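Peer 1: Got a structure here, written out as structure tokens. Questions coming.
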Amino acid sequence: MTRATARLLDHRLAYLGAAAAILATVVRSEAQDDSAFHEIETKYIFGFTIGSSVGLEGEKAFEPITVGRFGKRTGTYAATETVLEYEFTPNQYMQIELGPTVSYYNVHNVTDIADRSMASLNGFVGEFRYLVLDRGLSPFAVTFAAEPEWRSRDETTGEKVVNYELETRVEADAELIKNRLFLGLNLLYEPETTRADLGAWSNESTFGTSAALAFQIIPKVVVGAELWYLRHYEGLAFSTFTGDAVFLGPTFYWKISPKILVSAAWNTQVAGHETGSVSALNLMDFSRQRARLLLEFEF
Amino acid sequence: MRMAFAVLNPFAGVLVFVTTMLAFSASPHAQQPDAVAISVKGHHFQPAEIRAPANRPLILRVKNLDATPMEFESVSLRVEKVVAPGGEGVINIRPLAPGRYEFMDDFHQETRGTLIVQ
């Protein structure tokens, strides 16, 4: 067994242990008084996987959302993007989010990426979500989401570019145990086009699917785990496959007060493949780790 | 020109998506809504359990008889409305599938009730 394989196995055993601990907690907490648990919005309980909830009509909130990517094959790599988002729900079916993005890069001695340590106002993102299937009519609630984004710096390298990305998602969830256990499923298609200074446009796309379980362990606190499978292509429509990756990790949600919540997730790449490489992970198209931290302040 | 189209094309898709969303969201309900009244007194809903027919739009009139403001809120109904002391809030609710829908006063979270749709 190689050291890389042993390390991968260690990671998987650690996640299996974490999953077993969550399951044990689920079983123990069955004895708790269920009347203390009330309904919760599912949008932010699954980590990177987004739930179907579109908020409450008339609700307005400020949400700083930070996504960080950490670790390449060599050197030190950290890149984060924070969206300073204004979210509002104009009616009982749709939700709109808008805001500027701020990026931070700390890159040293990473193959094919120039060293960089900087923060920058990067671009602007919008998100439009529409609930197409309500729970009650079916066990699953389903929301379609479209998230166009413009960047002035490359998300991975920090180079000056013009980048347009359109993240589209199908967000589905089901309540497996009333007010307690939830299943979340996402389908992702994310085409983007990028032009470096005075260069030609280059297109790429990512396809992904995820499954997540989230359990309200004590009132207003939800813990869980999610699994993502991502495929990366050159071209907007799956033209040339360049590699895939599997991410696995824990999720956390806490409604701190009626108007404030926090949601966090940490994913580790547990398997991956780069076209033309025998590596156990895909660190060309994706990072070794990724994290998501969200705060919501309703007003 | 071709490249400009390639760049704009996904965003044209978003424009169509948003326009469609707004069109669906803005379409008026064909049915006349049913009206249900409820009040809050001593930080209790009166009655705590209300009923409404399924698959019909609903107008919920919430009277706040307390001396403090309340916020009617429901995750499953997807509505929230602040009602001033002595005031009345009018809440439009979409046609609902049969089931039990929790609601509460978000300012006094022990104040809870249920809408039973059948």
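No value in this document is a laboratory result; all are computed from the given coordinates. Since we're looking at a predicted model, the values are computed, not measured. All Cβ positions, even for glycine, are placed from backbone atoms using ideal geometry, and neighbour counts span all protein chains on display.
Peer 1: Could you sort the peptides A:69-77, A:218-226 by per-residue average Cβ neighbour count (10 Å cutoff), highest mean leading?
Peer 2: Packing order, densest peptide first, comes out as A:218-226, A:69-77.
Peer 1: What is the angle, in °, between the Cα long axis of helix A:3-29 and the longest principal axis of the Cα atoms in chain A? Nearest 10 is fine, range 0 to 90.
Peer 2: Between helix and principal axis, roughly 10 degrees.
Peer 1: Going toward the positive end of the dipole of chain A, with +1 on Lys and Arg Cβ and -1 on Asp and Glu Cβ, which of A:THR101, A:GLN289, A:GLY199 do you reach last?
Peer 2: Projecting each Cα onto the dipole axis, the largest value belongs to A:GLN289.
Peer 1: Here's a follow-up. Dipole of the stretch B:34-117 (Lys/Arg Cβ +1, Asp/Glu Cβ -1, origin at the Cα centre): which of B:ALA48, B:ASN92, B:GLN109 lies farthest to the positive side?
Peer 2: It is B:ASN92, whose Cα lies furthest towards the positive end.
Peer 1: Right, something else. Take the stretch A:198-299, drop everything but the C-alpha atoms, weight them equally and run the Debye formula without solvent; then report log10 I(q)/I(0) at 0.21 Å⁻¹ to two decimals.
Peer 2: For the stretch A:198-299, the Cα-only Debye profile gives -1.02.
Peer 1: Now for a separate question. Could you pull out every one of the lysines with an alpha carbon less than 28 Å from that of A:LYS160, ignoring same-chain neighbours closer than 8 positions?
Peer 2: A:LYS72
Peer 1: Here's another thing I want to ask about it. Based on Cα positions only, what radius of gyration and what Dmax would you give for the stretch B:34-117, in angstroms?
Peer 2: Considering the stretch B:34-117 through its Cα atoms, Rg and Dmax are 11.7, 35 Å.
Peer 1: Let me ask you something else. Please quote Rg/Rh for chain A to two decimal places, taking the Kirkwood radius as Rh and restricting both calculations to Cα atoms.
Peer 2: My calculation puts Rg/Rh at 0.97.
Peer 1: Can you give the direction-averaged projected area of the convex hull of the alpha-carbon atoms in the stretch A:132-207, in nm²?
Peer 2: Mean projected area of the Cα convex hull: 6.4 nm².
Peer 1: Report for the stretch B:33-118 the percent antiparallel among DSSP-assigned beta bridges with both residues inside it, nearest 5.
Peer 2: Details: 23 of 34 bridges.
Antiparallel bridges make up about 70 percent of those DSSP assigns within the stretch B:33-118.
Peer 1: Right, another one. For A:GLY55, list long-range residues whose amide hydrogen, built 1.01 Å from N in the peptide plane, is under 5 Å from its own amide hydrogen.
Peer 2: Long-range HN contacts for A:GLY55: none found.
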